[in-house]
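The values are calculated or read from the model by the stated rules, or taken from the named source; none is laboratory data. Nothing here was measured: the structure is a model prediction, and the numbers come from that model. Here the Cβ is made from the backbone with ideal geometry for all residues, glycine too, and neighbour counts use every protein chain on show. The area values use the complete protein model at the heavy-atom level, side chains included, leaving out ligands, DNA and RNA. Shrake-Rupley method; radii C 1.70, N 1.55, O 1.52, S 1.80 Å.
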Amino acid sequence: MYWEKNYETLSKNELTDLQIDRFNTTLKYAAQSSFYGNLLQKLGISPGDISDIRQIQDFPFTTKQDLRNNFPYGFLTLPKKELIRLHSSSGTTGNPTVIFHNRHDIDSWANLMARSLYCAGIRETDVFQNICGYGLFTGGLGFQYGIEKLGALSIPAGAGNSLRQIKLMQDYGTTVAHAIPSYLGRLHEVFEMHGLTPQKDTLLRTLVIGAEPHTEEQRKRIEDLFGVKAYNSFGLSEMNGPGVAFECIYQNGLHIWEDAYYVEIVDPDTLQPLPDGEYGELVMTTLNRQAMPLIRYRTRDITRIIPGKCKCGRTHRRIDRITGRTDDMFIIKGCNIFPMQIEGILLKIPEVGSNYLINLETINDVDEMVVSVEVKKEWFKGDIHKLDLLTKQITSMIRDEVLAKPIVKLVEMGSLPQQEGKAVRVLDNRKNGI
Amino acid sequence: MAYEVSIFLENKIGHFERITHILKENNINIRSMALNNTSNGWGILDLLVNSPEKAYNALADKGVSVALREIIALEMKDVTGGLDDLLLKVSKANVNFDNAYGRIIQENKAAILVIDVQDVEDSKKKLQEAGIQMLDDKNVYGIE
C-alpha cells in the first residue's frame, strides 16, 4: 500500500522530530550559501540550534525576488563540481529563477515522485506516457526520474502532436499518462476526429493532471471523457518541481510530503500563520535538499490544509486545490507567466503602444492567451502586409519569452481601457470545463 | 497623383460607422471603397473620397489610425468584358496588385479601376511602357 511505509505513516511526534532533525541539517548546508550564511549570522542562529520546529517562524520569508536578486549562485551551498542539474524559469526579462541540484537532491526528488505515483495507485507494471515538455521545465524530467525509480515503463513522449500521442498509447499499451488538464480536451478531440475512443481503443486507466489550477468539475469531465481516474499533482520548480504534493486513491486533497517540506499557511496580508482549514498562502521550507535549500519560501499559491485524517493511512497532511495566487502570475498551456514579461516584450517593439491587455479565453475547448496591443498611429501606413508581419513578430517574441504561443490582436489606438492606478492587465474568462 | 484614405479598423460593432460619421460631419463624399477583413480581428478600410487630404486631417484629428496611400487608377469601359479587357493589358504589363475596387463614372460608358500595389513607381513605369492610360486625381475623385 505504501512506497515507504516508515516515512509515510509516521506519527505526529515522530514526524516533528524528523523535521527538527532535518531542518538542523538543512541549516548546516544553508550556512554555506552567501544568502543564508549572512542571514543566520544576523539572526544569531547556528545549525543545531533548533529544538522546536516552531523556531522556523523566527526566520524571515524567502521570496522569488530574493532568488532573482541573488542570481545565480547566491543560494548555492556547494561548489559547482558537486552539482549535476539545474532547472530554470523561462524568459529573458530580468533574472530567471534557477534551482541547482546535487546527486542527493535528484535522488530524493525522484523518490518523492515515485512515492507520489505509488500513492495514486501506479505500479511498476504500468506503462507511463509523460505528455509533458522536457528540458528546463521540471514536469518532463521530474516525472521521468520518478517513473524510472518506481520501475514502470516510461514513454518520454514530450508535449504536443496529439496523433502521435495516441499512436504511442496504442503501440505500447499505455496505462497511465501525465498531461496538463487543458491539453486533455484537445487530445480527446483528436481521438474523436479519428473515430477512436480512449475507453475502447487504449488501455488507459489513470491520468495524472497538474501544473495548472483546475476545478473538481474539470477533473470529473476528464475522467468521463477518458473513462479513467484522474489524480491531481502539485509542485513548483522552487520546491524541485512535481512530486511536492499528490492525491492518493481517495482523491480527497493532496498529501504534501512533510518529511521533505515544512508547510505553513499564512495570511497573505498579515503574513501570520493560519490554523489548518483556513485558506492562505502556502509557505514551504525544504527539509531534504542540499545544494539549494530554501527557508520559508513564499509560493504565492493560495490553498488550505484539509483538517482530519485520510482513509489511506498516510499521516502527511493534505492541501486543497490551489484556488488562486497572491501575485499576478497566471498559468496557461502549463506555462507560468507574469504580465511583466509580456510588457517587457512589447516595450521592445516600437510599432506598438505601451498599453496592453491579456485575455485568457477558452476557444474551441482550448485555453488561449489573447494579447491585445495598440498599433501606433504614426506607424500605420495602410499596408496590410506590414501589419500581418508585425502580428507574427510579436507572436514569436512573446512565445520565445514565455514558451506559450499567444494570439496577438492588433487594436486601434485608444481602444484599450486607459490604465489608472493599479492596472488590470489580465482578464481571465476561461471556462472551467476543459 | 491620386490617393486613397486607408484606415485601420477593428472588426467591432460601430467602428466603421464612427469613420463614416466623421466624414459626413466634414462634408466628405465617398466615391468608392474596399474593406479588407483579416482573420485577426482587424481590417483595413480603403476609401476613395472627393477630398482625400481633408478626410485624412478630419480623421487624424479624431485619433483614427489613418494614412494616405498613393493609388493607381485605370480607365475602362462600362460594358460587358470591360474589366477583362483592362486586366488582360495589366497582366501583360506584369503588374500585380493586392487590392482593387472600381467605380462607374458614366453609366454604360466609362468606369475606373483602382489598384493598390506594393511598388507604385515601378508599377507606373510598367503600365506606361505598356501604353495603359492612368488617370489623374481629378478623374479619380470626380468633379465636386
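For the stretch B:2-69, just say rounded, prolate or oblate: build the C-alpha gyration tensor, square-root its eigenvalues into a ≥ b ≥ c, call rounded for a/c under 1.5, and beyond that prolate if a/b exceeds b/c, oblate if not. Prolate, because a/c is 1.5 or more and a/b exceeds b/c. Given their separation in residues at 0.36 nm each and the Cα-Cα distance between them, A:T326 and A:K80 gain 85.2 nm when the chain is fully extended. Classify chain B: rounded, prolate or oblate, from the alpha-carbon gyration tensor (a ≥ b ≥ c, eigenvalue square roots; a/c under 1.5 rounded; otherwise prolate if a/b is larger than b/c)? The shape class here is prolate.
A cut-off under 14 angstrom between Cβ atoms defines the neighbours of A:E217, and their net charge, with Lys, Arg +1 and Asp, Glu -1, is +3. For chain A, the mean residue ellipticity at 222 nm estimated from helices alone is -9500 deg cm²/dmol, where every DSSP H run of n ≥ 4 contributes -39500 (n - 2.57) and the total is divided by all residues, rounded to the nearest 500.
When only alpha carbons are used to place a centre, the stretch A:149-195 and the stretch A:375-427 end up 34 Å from one another. Scoring A:49-57, A:162-170, A:368-376 by mean Cβ neighbours within 10 Å over their residues and listing the highest first yields A:368-376, A:162-170, A:49-57. Between B:T38 and A:E189, the FRET efficiency from the beta-carbon distance, with R0 = 22 Å, is close to 0.30.
Relative to the longest principal axis of the Cα atoms of chain B, helix B:52-61 runs at roughly 20 degrees.
For a straight C-alpha distance cut-off of 19 angstrom, the aspartates and glutamates reachable from B:K77 (same-chain residues fewer than eight places away being disregarded) are B:D85, B:E107, B:D136, B:D137.
Taking the longest Cα principal axis of chain B as reference, the axis of helix B:120-129 is set at about 20 degrees. Contact order, relative form, for the stretch A:159-229: 38 percent (alpha carbon pairs under 8 Å, 6 or more residues apart, mean separation divided by residue count). 3J(HN,Hα) along the stretch B:63-73: x, 7, 6, 9, 9, 9, 10, 6, 10, 10, 10 Hz, from the Karplus curve 6.51 cos²θ - 1.76 cosθ + 1.60 with θ = phi - 60°, whole Hz, x for Gly and Pro.
The A-B contact accounts for approximately 1600 Å² of buried accessible area, totalled over both chains at a 1.4 Å probe radius. If you count Lys pairs in the stretch A:316-431 whose Cα atoms are under 22 Å apart, skipping same-chain pairs closer than 8 places in sequence, the total is 25. Each residue of the stretch A:199-214 was assigned a 3J(HN,Hα) from its phi angle through the Karplus curve 6.51 cos²θ - 1.76 cosθ + 1.60 (θ = phi - 60°); the sequence is 4, 8, 9, 9, 9, 4, 10, 9, 10, 10, 10, x, 6, 9, x, 8 Hz, with glycine and proline shown as x.
Stokes-Einstein diffusion for the stretch A:53-138 at 10 °C, viscosity 1.306 mPa s, with a Kirkwood radius from C-alpha pairs, works out to 100 µm²/s. If you look at the Cα atoms of the stretch A:335-428, you get an Rg and a Dmax of 13.0, 38 Å. For B:R31, the residues 5 or more places off, or on other chains, whose built amide H falls under 5 Å of its own are B:L48, B:V49, B:N50. Peptide B:42-54 is shielded by partner chain Cβ atoms: per residue, an average of 1 of them sit within 10 Å of its Cβ. Check cross-link reach from A:K42 to the lysines: straight Cα distance under 17 Å, and skip same-chain residues fewer than eight apart. In chain and number order, the partners are A:K28. Of the peptides B:67-75, A:244-252, the ranking by mean beta-carbon count within 10 Å, highest at the top, reads A:244-252, B:67-75. Per residue of peptide A:44-50, the mean number of Cβ atoms on other chains within 10 Å of the residue Cβ is 0. Got a sec? Which residues in the stretch A:158-191 would a label at A:W3 touch, if it sits 7 Å along Cα→Cβ and we count backbone N under 12 Å? In the stretch A:158-191, the label zone of A:W3 (backbone N under 12 Å from the point 7 Å along Cα→Cβ) covers no residue. Classify chain A as rounded, prolate or oblate from the Cα gyration tensor: take a ≥ b ≥ c as the square roots of its eigenvalues, call it rounded if a/c is under 1.5, otherwise prolate when a/b beats b/c and oblate if not. Oblate, because a/c is 1.5 or more while a/b does not exceed b/c.
In this structure A:E351 has an accessible area near 40 Å², from a 1.4 Å probe over the protein heavy atoms.
In the context of the full set of protein chains, the protein assembly as shown has a per residue accessible area of 45 Å² (1.4 Å probe). For the stretch B:2-69, averaging the sequence separation of C-alpha pairs within contact (under 8 Å, six or more residues apart) and dividing by the residue count gives a relative contact order of 47 percent.
Peptide A:380-392 shows a mean partner chain C-beta count of 5 within 10 Å per residue C-beta. Share of carbon and sulfur in the accessible area of the protein assembly as shown stands at 49%, probe radius 1.4 Å. Taking label positions 7 Å along the Cα-Cβ direction at both B:K92 and A:N95, the computed distance is 7.2 nm, reported to one decimal. Expressed to the nearest 5 percent, the antiparallel share of DSSP beta bridges inside the protein assembly as shown is 75 percent.
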